[in-house]
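The values are calculated or read from the model by the stated rules, or taken from the named source; none is laboratory data. On a predicted model such as this, the values are computed, not experimentally measured, just so you know. Cβ placement follows ideal geometry from the backbone for every residue including glycine, while neighbour counts extend to all protein chains displayed.
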Amino acid sequence: MLSFGAKPPMSNEQFLDYSAQHLSEKDFFVLKKSSLVPSGAQDASRNALKIWRDFEISLRNELVNIRAKKLGKDSHDYFRGEYVPDPFIAAMVTEAAGEETPLEVEKRIDTARWDKLEEIERQHFFDLHFLVVYFLKIQILNKWDNIKAEEGRKIAIELLQPRKELKE
């Protein structure tokens, strides 16, 4: 249905507007609270959201580990919830951190997020959990669409700037 790096089919708001027309109030509330950034507001008792939340917190805690080590700080001061080491996530984050630019690091991490969502999606057919995963994927696509738009603006500004050698 959706592919990482593809143009998003709609904005996050459009998806929520459409979903509000077709879901019960309770289900829409769960969908609306589904976010790439886990919070206590998410209904973590729901299967897909609990799996996502646990993965995202582990991912963020591994990022804290790497960043704290680089800065010579104690990572335990910055963990979200209880830190439970995950060798798979730790290896992925370490590999991603080796990328040359912050943008490439973010892309590798979002690719891992996408892969996890694909894994969760395989466990569900067209139910609320499937819609939650779909909405999280749309959020990732819109994030990257905004990044690409910002890069395009920067390139356009650079192209429109008079070159130094021409000014002198």
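Summary of computed values
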quantity: Residue list for the range 119-138, restricted to those being under 19 Å from L59 (Cα atoms) and surrounded by fewer than 18 Cβ atoms within 10 Å (Cβ to Cβ); calculated: E119
quantity: Answer from K116, K107 - the residue that is within 30 Å of S24 (Cβ to Cβ) and buried (at least 16 other Cβ atoms within 10 Å of the Cβ); calculated: K116
quantity: Condition check for A90: assigned to a helix (DSSP H, G or I), closer than 18 Å to A6 by Cβ and of a type in the set (A, V, I, L, M, F, W, C); calculated: no
quantity: Sole exception among (1) in a helix (DSSP H, G or I); (2) more than 17 Å from the chain's Cα centre (by Cα) for T111, by number; calculated: (2)
quantity: Selection status of K50, at pLDDT below 90, farther than 24 Å from E121 by Cβ and part of a helix (DSSP H, G or I); calculated: no
quantity: Residues of the range 1-44 satisfying the condition of being farther than 17 Å from F130 by Cβ and either among the β-branched types (V, I, T) or modelled with pLDDT under 90 (or both); calculated: V37, P38, S39, G40, A41, A44
quantity: Lone unmet requirement of (1) part of a loop (DSSP other than H, G, I, E, B); (2) surrounded by 14 or more Cβ atoms within 10 Å (Cβ to Cβ); (3) out of contact with any helix residue (DSSP H, G or I) (no Cβ under 8 Å at 6 or more places or on another chain) for E82; calculated: (2)
quantity: Test: residue in the range 88-97 that is over 30 Å from H124 (Cβ atoms) and either touching a strand residue (DSSP E or B) at 6+ places or on another chain (Cβ under 6 Å) or exposed (fewer than 12 other Cβ atoms within 10 Å of the Cβ) (or both); calculated: no
quantity: Output for the range 53-77, where each listed residue is at pLDDT 90 or above, out of contact with any Ser or Thr (no Cβ under 6 Å at 6 or more places or on another chain) and either polar (S, T, N, Q) or closer than 23 Å to D17 by Cα (or both); calculated: S58, N61
